[in-house]
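See below for the structure under consideration.
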Amino acid sequence: MAEWRAAHLEAVAALTDALEWRLPAQRWEHIQTVLAEMAEAAAAGSTDRLWHATANLELCGPQRVGTRLGDAAEPGDMKTPVPKAVRDRIVELTHTLGDRTAADDEPEPGTQSGP
(Lines give C-alpha, C1' and ligand atoms only; values in the text may rest on other atoms or scores of the structure.)
Protein backbone atom coordinates (compact mmCIF):
# COMPACT_ATOMS: atom_id res chain seq x y z
CA MET A 1 0.00 0.00 0.00
CA ALA A 2 2.87 2.41 0.78
CA GLU A 3 4.43 1.78 -2.65
CA TRP A 4 1.10 2.46 -4.36
CA ARG A 5 0.70 5.71 -2.43
CA ALA A 6 4.27 6.79 -3.26
CA ALA A 7 3.68 6.07 -6.97
CA HIS A 8 0.48 8.12 -6.92
CA LEU A 9 2.11 11.06 -5.17
CA GLU A 10 5.04 11.07 -7.61
CA ALA A 11 2.66 10.89 -10.57
CA VAL A 12 0.59 13.81 -9.26
CA ALA A 13 3.77 15.85 -8.71
CA ALA A 14 4.97 15.15 -12.27
CA LEU A 15 1.56 16.04 -13.71
CA THR A 16 1.46 19.28 -11.73
CA ASP A 17 4.92 20.19 -13.01
CA ALA A 18 3.86 19.45 -16.59
CA LEU A 19 1.20 22.16 -16.41
CA GLU A 20 4.01 24.75 -16.29
CA TRP A 21 6.12 23.38 -19.15
CA ARG A 22 6.72 25.13 -22.47
CA LEU A 23 7.58 22.57 -25.14
CA PRO A 24 7.63 22.07 -28.91
CA ALA A 25 4.26 20.90 -30.30
CA GLN A 26 5.67 17.48 -31.22
CA ARG A 27 6.59 16.81 -27.62
CA TRP A 28 3.07 17.69 -26.47
CA GLU A 29 1.76 15.09 -28.94
CA HIS A 30 4.04 12.47 -27.38
CA ILE A 31 2.93 13.49 -23.89
CA GLN A 32 -0.66 12.60 -24.81
CA THR A 33 0.52 9.01 -25.32
CA VAL A 34 2.32 9.04 -21.97
CA LEU A 35 -0.80 10.39 -20.24
CA ALA A 36 -2.80 7.49 -21.69
CA GLU A 37 -0.19 5.08 -20.28
CA MET A 38 -0.51 6.72 -16.87
CA ALA A 39 -4.31 6.46 -16.96
CA GLU A 40 -4.16 2.78 -17.95
CA ALA A 41 -1.64 2.04 -15.19
CA ALA A 42 -3.79 3.76 -12.58
CA ALA A 43 -6.95 2.01 -13.78
CA ALA A 44 -5.19 -1.36 -13.67
CA GLY A 45 -3.76 -0.64 -10.22
CA SER A 46 -0.27 -1.40 -11.50
CA THR A 47 2.34 0.33 -9.37
CA ASP A 48 5.19 -0.68 -11.67
CA ARG A 49 3.43 0.61 -14.79
CA LEU A 50 2.57 3.88 -13.03
CA TRP A 51 6.21 4.38 -11.96
CA HIS A 52 7.33 3.68 -15.54
CA ALA A 53 4.78 6.03 -17.12
CA THR A 54 5.62 8.78 -14.59
CA ALA A 55 9.31 8.44 -15.43
CA ASN A 56 8.44 8.72 -19.13
CA LEU A 57 6.49 11.90 -18.45
CA GLU A 58 9.39 13.40 -16.52
CA LEU A 59 11.74 12.58 -19.41
CA CYS A 60 9.44 14.52 -21.76
CA GLY A 61 9.94 17.69 -19.75
CA PRO A 62 11.96 20.68 -20.85
CA GLN A 63 15.67 20.30 -21.29
CA ARG A 64 17.79 22.29 -18.92
CA VAL A 65 20.09 23.39 -21.74
CA GLY A 66 18.42 23.40 -25.15
CA THR A 67 21.04 25.28 -27.16
CA ARG A 68 24.40 26.79 -26.59
CA LEU A 69 24.62 30.50 -26.08
CA GLY A 70 24.47 32.22 -29.47
CA ASP A 71 23.03 29.23 -31.38
CA ALA A 72 19.98 29.92 -33.53
CA ALA A 73 16.82 28.01 -32.65
CA GLU A 74 15.65 25.34 -35.06
CA PRO A 75 12.34 26.07 -36.87
CA GLY A 76 10.53 23.21 -35.08
CA ASP A 77 11.77 24.29 -31.65
CA MET A 78 9.06 26.89 -31.02
CA LYS A 79 7.96 26.23 -27.46
CA THR A 80 4.33 26.54 -26.47
CA PRO A 81 2.48 26.22 -23.19
CA VAL A 82 0.42 23.11 -22.57
CA PRO A 83 -2.39 22.79 -25.16
CA LYS A 84 -5.95 22.84 -23.81
CA ALA A 85 -6.65 19.17 -24.60
CA VAL A 86 -3.45 18.08 -22.83
CA ARG A 87 -4.17 20.41 -19.90
CA ASP A 88 -7.65 18.95 -19.51
CA ARG A 89 -6.25 15.40 -19.55
CA ILE A 90 -3.58 16.31 -16.98
CA VAL A 91 -6.15 17.90 -14.67
CA GLU A 92 -8.42 14.86 -15.02
CA LEU A 93 -5.57 12.46 -14.24
CA THR A 94 -4.42 14.57 -11.30
CA HIS A 95 -7.90 14.41 -9.77
CA THR A 96 -8.23 10.68 -10.44
CA LEU A 97 -4.87 9.90 -8.87
CA GLY A 98 -5.46 12.32 -6.00
CA ASP A 99 -8.86 10.78 -5.27
CA ARG A 100 -7.36 7.27 -5.27
CA THR A 101 -4.56 8.39 -2.94
CA ALA A 102 -7.07 9.99 -0.56
CA ALA A 103 -9.16 6.80 -0.60
CA ASP A 104 -6.04 4.81 0.29
CA ASP A 105 -5.58 7.03 3.35
CA GLU A 106 -9.05 6.26 4.71
CA PRO A 107 -9.14 3.62 7.43
CA GLU A 108 -10.64 0.28 6.46
CA PRO A 109 -14.08 -0.44 7.91
CA GLY A 110 -13.80 -1.89 11.38
CA THR A 111 -10.41 -0.34 12.11
CA GLN A 112 -9.69 2.60 14.34
CA SER A 113 -7.92 5.66 12.98
CA GLY A 114 -6.77 6.99 16.32
CA PRO A 115 -5.31 5.69 19.62
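A compact table of results
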read-out	value
Hits in the stretch 36-55 - residues which are touching a residue at least 40 places away in the same chain (Cβ under 8 Å) and either part of a strand (DSSP E or B) or more than 14 Å from Val91 (Cα to Cα) (or both)	Ala42, Gly45, Thr47, Leu50, Trp51, Ala53, Thr54
Selection within the stretch 21-47 - under 19 Å from Asp99 (Cα atoms) and exposed (fewer than 15 other Cβ atoms within 10 Å of the Cβ)	Ala36, Glu40, Ala43, Ala44, Gly45
Count of residues meeting criterion [farther than 12 Å from Leu97 by Cα, modelled with pLDDT of 95 or more and among the hydrophobic types (A, V, I, L, M, F, W, C)] in the stretch 1-20	2
Any pair with Cβ under 8 angstrom, 6 or more apart, that starts in the stretch 17-35 at a residue that is of a type in the set (Val, Ile, Thr) and ends at one that is in a strand (DSSP E or B) and modelled with pLDDT under 95	Ile31/Leu23
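The values are calculated or read from the model by the stated rules, or taken from the named source; none is laboratory data. Please read these numbers as outputs of a predicted model, since none were measured by experiment. Positions of Cβ are backbone-derived with ideal geometry, glycine not excepted, and every protein chain shown enters the neighbour counts.
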